[in-house]
Amino acid sequence: MSDDGETAMVSAFAPGDPLPPWCMPAWDVLAARAASGSLPHALLVCGPAGLGKRALTEAFVRARLCESLRDGRACGSCRACRLLAAGTHPDRVLVTLEENPKTHKMRTEIVVDQVRALSARLAMASQLGGWQVAVIDPAEAMNTAAQNALLKTLEEPTASSLIVLVADHPWDLNPTVRSRCQRVEIALPTPAQATAWLESRGVADPAAVLAAAGGNPGQAWLLAEHGGMQRRQEVARDLLALAAGRGDARAIGRAWADDEPDQRLEQAARLLEGALRARAEGARTRFDPGWDDATLGARCADANRLRVLLNGPLRSDLALFDWLNGLPRARR
């Protein structure tokens, strides 16, 4: 359990930035419920990574703990806001992935002891006399025992406590846990909203970057800022070379493993999906490896499955080589 108020996740949304426009409807609903005293004791804030749900959660948590709200937002200058900025507010708790004290490696799960500690803390009175707010992020990382332990707290909430679960993949949560929370879902914005937001951040050719990110503006911004578009071009080049019988799958696998393998696999899947969609729509595309539709779909699904497997103990270079080496020659 941590009180530092931030996760280690890379985000396109810096603390203090205005909330993106597609998050404002959710903010307005939550702010209205808070103002009327009808907030539930548990929220599930969910949606694809890259849409600002953590920025929304942080802004809402700070508003609940602020002692002098300004137009429904945290003032930033009261004692509570200063404590929040310093990461020392005693009534704001973050439950997230932590280091295993025995192995000194980061855990891949939120474990039951963390949730039990949270429940014990929420059972005590607020130290500053207001709300106690706990954020569990990423909530889907709770293992089965941790989720079962959380259920008792969700079913018997303490007064003036709020638990916010933040999840990129809410379907991985126990259905009963989901049913005990009010769901706040952040969906992909319209292309016009996303493009305008990217333009406001100085992204060149926002339409191309947005297409590469599947319409997700936060992911698009990260692609633009962290060399993602160059990697996408390299992935397209590598796949076309293999389809033409000119590429070296082992060398490509090593190169991918050394530089954002998950992002490269994601772009491979997006490229294959895009080629399949372009064929179906009769549109022209610069990327087409020349495989039949069934092969395009199967290789896209395989790439997405491999992304999940790479989070485990697999050697990424060997796993990538196996996938790349299995790509067929083009049939033209």
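The values are calculated or read from the model by the stated rules, or taken from the named source; none is laboratory data. Just so it is clear, the structure is predicted and the values come from calculations on it, not from any experiment. All Cβ positions, even for glycine, are placed from backbone atoms using ideal geometry, and neighbour counts span all protein chains on display.
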Next item on the list: Could you look through the stretch 153-170, keep only residues that are modelled with pLDDT under 90 and not aliphatic (A, V, I, L, M), and pick out the one that is surrounded by the fewest Cβ atoms within 10 Å (Cβ to Cβ)?
Entry: Glu156
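Of Thr108, Thr88, Thr103, which residue is among the β-branched types (Val, Ile, Thr), surrounded by fewer than 16 Cβ atoms within 10 Å (Cβ to Cβ) and within 24 Å of the chain's Cα centre (by Cα)?
Details: Thr88 fails: within 24 Å of the chain's Cα centre (by Cα); Thr103 fails: within 24 Å of the chain's Cα centre (by Cα).
Answer to the selection: Thr108.
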Next item on the list: Pick out, from the stretch 216-301, the helices (runs of 4 or more DSSP H) lying fully within it that include 3 or more residues that are in contact (Cβ under 8 Å) with a residue 12 or more places away in the chain and charged (D, E, K, R).
Entry: 228-243, 261-281
Next item on the list: Search the stretch 197-206 for residues being out of contact with any Pro (no Cβ under 8 Å at 6 or more places or on another chain) and in contact (Cβ under 8 Å) with a residue 12 or more places away in the chain, and hand back the single one that is surrounded by the fewest Cβ atoms within 10 Å (Cβ to Cβ).
Entry: Ala204
Next item on the list: Please verify whether the stretch 53-71 includes one or more residues that are touching a Gly at 6+ places or on another chain (Cβ under 6 Å) and closer than 20 Å to Cys23 by Cα.
Entry: yes
Next item on the list: Would you check which residues across the stretch 181-200 are basic (Lys, Arg) and more than 20 Å from Arg54 (Cα to Cα) and list them?
Entry: none
Item checked: Selected residue (criterion: nearest to Asp248 (Cα to Cα)) from residues of the stretch 305-318 that are free of Cβ contacts under 8 Å to residues at least 24 places away in the same chain and aliphatic (A, V, I, L, M) -> Leu314
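Just the residues that are out of contact with any Asp or Glu (no Cβ under 8 Å at 6 or more places or on another chain) and at negative phi, please, taken from the stretch 76-92. Let's see the steps before the verdict.
Here is the first cut: in the stretch 76-92, the residues out of contact with any Asp or Glu (no Cβ under 8 Å at 6 or more places or on another chain) are 76-77, 82-86, 91.
Ser77, Arg82, Leu83, Leu84, Ala85, Ala86, Asp91, listed by residue number.
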Check: Only one residue in Ala301, Ala257, Ala278 is among the small types (Gly, Ala, Ser) and surrounded by 16 or more Cβ atoms within 10 Å (Cβ to Cβ), so which one is that?
Finding: Ala257
